[in-house]
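Engineer: Sharing a structure, written as structure tokens. Questions coming.
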Amino acid sequence: MATVITRVGACVAAGLAALAPVVAFAGTAHAQTFSYTPYQTSRFDAGTPNSSVVVRNHHGVVISYGDSAIMYHAPSSTLDALGQALFLQNCASCHGDQANGIPANGTPGAYPNLVGLGPATIDFWIESGRMPAVDTAAVEAPRRQPRLTHDQAVAIAAWVNSLDPSYPYIPSVNLKGANVADGAALFALNCAACHTIEGDGDALARGTYAPSLRNIPATQVAEAIRTGPANMPRFTGNLSDFQVRDIVKYVTTEIQHPRNPGGFGLGGLGPVAEGFVGLLLGVGLLALVGFWVGERQ
Ligand code: HEC
Ligand code: HEC
């Protein structure tokens, strides 16, 4: 369906005429057809979302965007006051009461500035239990049992977003129609280098690590892909929502039940390593046979 063009270059090639939004109406909200835009997380490069559907409220503010694979929703601004109260209780001691990373009597830059990060980033760090942080000296905030509920996370995301509205919004993945084989191929290409093909995670440079991807809810997988937490790259225009959905399907189903399609389960070392082990065994056997044959002469 969607003729979503994910590459700016392709859009430029397609000509500016293709970028003209087609306006349709969905109830009281306007639904527009856009051609592209990356899924930025930073206040520095926030732009129009890459979507076939964009829904605005009567003030013209984008409240949802996406397509049949993933819809991204802004947390409702009716949650702003609750979100601010929760932020002051749970986050301001480090990130400051303006969420700008400057706590009372604190040093500027001691903690990340959260203004303009976009609701998906805020939601991911709370719902994955990383925030509120327990050990500020840790090289990497670990995934933990969340201490705030989903509704509280969304309320905090609403308030932080009200300070400087940004993308991406919180994704809602429609896994129906996802292609798990394509997801596996895309995962091998884009994710396995760090997380391993079986999703068990691996050590990276300077004490950081790519965590295990077992038992991560679909929303958080999509959020991680679109926002790139900490040392993970952010996948924006280079993966379409349909490709992200395929990857999410692979991560939330196949990776949970790894199969060994053949050979020995060598701890998921992959075909190259398995082939290499085979080679070593084979050469070893040949050497033995040669030795044995030689002795007979
Ligand atoms: C005890 C101090 C502390 C508290 C409390 C705390 N944080 Fe953090 N936060 C940190 C530190 C330190 C980091 C950097 C961690 C890292 O990069 O692994 C961080 C990182 C983040 C990030 C990632 C920023 C980025 O640039 O990607 C987000 C989002 C965040 N915190 C949100 C929150 C929210 C929301 C709360 C309240 C629910 C909260 N934090 C409470 C210390 C804290
Ligand atoms: C360059 C290495 C790298 C690549 C490539 C990478 N990741 Fe990550 N990923 C990380 C790191 C590092 C973290 C942990 C970030 C943090 O919390 O500090 C992470 C975290 C995650 C999380 C959160 C897990 C949790 O514990 O909550 C998910 C989900 C995830 N990655 C999925 C993916 C997917 C899917 C891809 C491919 C589209 C991918 N990653 C590509 C390094 C990588």
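What follows draws every value from the coordinates through simple rules; no lab data is involved. Note that the coordinates shown come from a computational prediction; the quantities given were computed from them, not determined experimentally. Reconstructed Cβ throughout: ideal geometry from the backbone, glycine too, with neighbour counts over all protein chains shown.
Engineer: Could you put Phe187, Phe235 in order, starting from the residue whose Cβ has the fewest other Cβ atoms within 10 Å?
Structural biologist: Numbers: Phe187 23, Phe235 20.
By the 10 Å Cβ count, ascending: Phe235, Phe187.
Engineer: Could I ask something else about it? Given contacts defined as C-alpha pairs under 8 Å and at least six residues apart, what's the relative contact order of the stretch 77-163, whole-number percent? Could the numbers behind the result be given before it?
Structural biologist: Values: 131 pairs, mean separation 33.0, N = 87.
Answer for the stretch 77-163 is 38 percent.
Engineer: By the scheme Lys and Arg +1, Asp and Glu -1, what is the net charge of all other residues having a beta-carbon under 12 Å from that of Ala155? Please report the intermediate quantities before stating the final value.
Structural biologist: Working: positive: none; negative: Asp80, Asp123, Asp151.
That works out to -3.
Engineer: Let me ask another. Give me the dipole magnitude in Debye, nearest 20, for the stretch 77-163 about the Cα centre, with unit charges on the beta carbon: positive for Lys and Arg, negative for Asp and Glu. Before the final figure, lay out the partial values.
Structural biologist: Values: 4 positive and 7 negative charges, 33 e Å.
Dipole of the stretch 77-163, to the nearest 20 debye: 160 debye.
Engineer: Roughly speaking, what is the centre-to-centre gap between the stretch 136-181 and the stretch 103-129 when only Cα atoms are used, to the nearest Å?
Structural biologist: Taking the Cα centre of each part, the stretch 136-181 and the stretch 103-129 sit 12 Å apart.
Engineer: Give me Leu213, Leu82 sorted ascending by neighbouring Cβ count inside 10 Å, so fewest comes first. Intermediate values should be presented prior to the final figure.
Structural biologist: Values: Leu213 22, Leu82 16.
The most exposed by this proxy come first: Leu82, Leu213.
Engineer: I'd like the FRET efficiency for Thr208 and Gln256, computed as 1/(1 + (r/R0)^6) with the beta carbon distance as r and R0 of 30 Å, rounded to 0.05.
Structural biologist: E(calc), rounded to 0.05, equals 0.75.
Engineer: Assign one of three labels to the stretch 42-151, namely rounded, prolate or oblate, based on the Cα gyration tensor with a ≥ b ≥ c the square roots of its eigenvalues; rounded applies when a/c is under 1.5, prolate when it is not and a/b is larger than b/c, and oblate otherwise.
Structural biologist: Values: a/c = 1.92, a/b = 1.72, b/c = 1.12.
The shape class here is prolate.
Engineer: Same structure, new question: What residue among Thr107, Thr78, Gly118 has its Cα farthest toward the positive end of the dipole of the stretch 77-163, where the charges are +1 on Lys, Arg and -1 on Asp, Glu, each on the Cβ?
Structural biologist: Thr107
Engineer: Order of Glu198, Glu223, Glu127 from fewest to most other C-beta atoms within 10 Å?
Structural biologist: Going from sparsest to densest Cβ surroundings: Glu198, Glu127, Glu223.
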